[in-house]
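Notes to accompany the following structure.
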Amino acid sequence: LNELIGDFDELLSKPHYSSIEKIKTIGATYMAASGLNTSQCQDNNHPHGHLQTLFEFAKEMMRVVDDFNNNMLWFNFKLRIGFNHGPLTAGVIGTTKLLYDIWGDTVNIASRMDTTGVECRIQVSEESYRILSKMGYDFDYRGTVNVKGKGQMKTYLYPKCMDNGIVP
């Protein structure tokens, strides 16, 4: 698991992913966010460009897990990703051991998108679906899932299944 997390960290060193901030890992959960630096979101022609970059990072994480499993024949890790966007609070907490973290409804919903998600798929909220689908990503409508503190929420899954029901 440590090697796999290191592979994810290495992805973030690529210039293409410079707008993404790793927040933390908790057990097998890897939390990352984009758009935290508002100067990276100033492109009026593409105001949600950082979301596209974050989504591409999520897709790349899935590829890394597949490669890892192919190279380590005795492992069969399955990745489940939750995706949401919106306003949040960010800051440094602690007095002796400082930690940068993010909080808020947006973060909680992203976490619930993960915990209620499906292996080998990215589950997104309806709000994120609206933006990402306009960028050309195709999703399956999953239906509603019960999200703690929010009730029933419509969610969507990527990648979209082929006509035969198989996920590519």
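Just wondering, is there one or more residues in the range 99-115 that are under 24 Å from Glu3 (Cβ atoms), in a loop (DSSP other than H, G, I, E, B), within 13 Å of the chain's Cα centre (by Cα) and not aliphatic (A, V, I, L, M)?
no
Filter the range 112-134 down to the residues that are exposed (fewer than 13 other Cβ atoms within 10 Å of the Cβ) and at pLDDT 95 or above and list them by number.
Arg130, Lys134
Only one residue in Val92, Val65 is within 23 Å of Arg112 (Cα to Cα) and of a type in the set (Val, Ile, Thr). Which one?
Values: Val92 fails: within 23 Å of Arg112 (Cα to Cα).
Val65 is the lone residue from the list that is within 23 Å of Arg112 (Cα to Cα) and of a type in the set (Val, Ile, Thr).
Working only within the range 67-93, note down all residues that are within 30 Å of Gly104 (Cβ to Cβ) and touching a residue at least 24 places away in the same chain (Cβ under 8 Å).
Correct list: Phe77, Lys78, Leu79, Arg80, Ile81, Gly82, Phe83, Asn84, His85, Gly86, Leu88, Ala90.
Since Lys78 meets every condition but one in (1) among the basic types (Lys, Arg); (2) in a loop (DSSP other than H, G, I, E, B); (3) over 22 Å from Glu10 (Cα atoms), which condition does it not meet?
Answer for Lys78: the failing condition is (3).
Output the residues belonging to the range 2-38 that are in a loop (DSSP other than H, G, I, E, B) and without any contact (Cβ under 8 Å) to a residue 40 or more places away in the chain.
Ser13, Lys14, Ser18, Ser19, Gly27, Ala28, Asn37
What is the one condition in (1) outside any loop (DSSP other than H, G, I, E, B); (2) in contact with a Cys (Cβ under 9 Å, 6 or more places away or on another chain) that Phe55 does not satisfy?
(2)
In the range 49-86, which residues are of a type in the set (D, E, K, R), within 20 Å of Ser18 (Cα to Cα) and surrounded by 13 or more Cβ atoms within 10 Å (Cβ to Cβ)?
Glu56, Lys59, Glu60
The values are calculated or read from the model by the stated rules, or taken from the named source; none is laboratory data. It should be emphasised that the depicted structure is a prediction, and the values quoted were computed from it without experimental measurement. All Cβ positions, glycine included, derive from the backbone under ideal geometry; neighbour counts span all protein chains shown.
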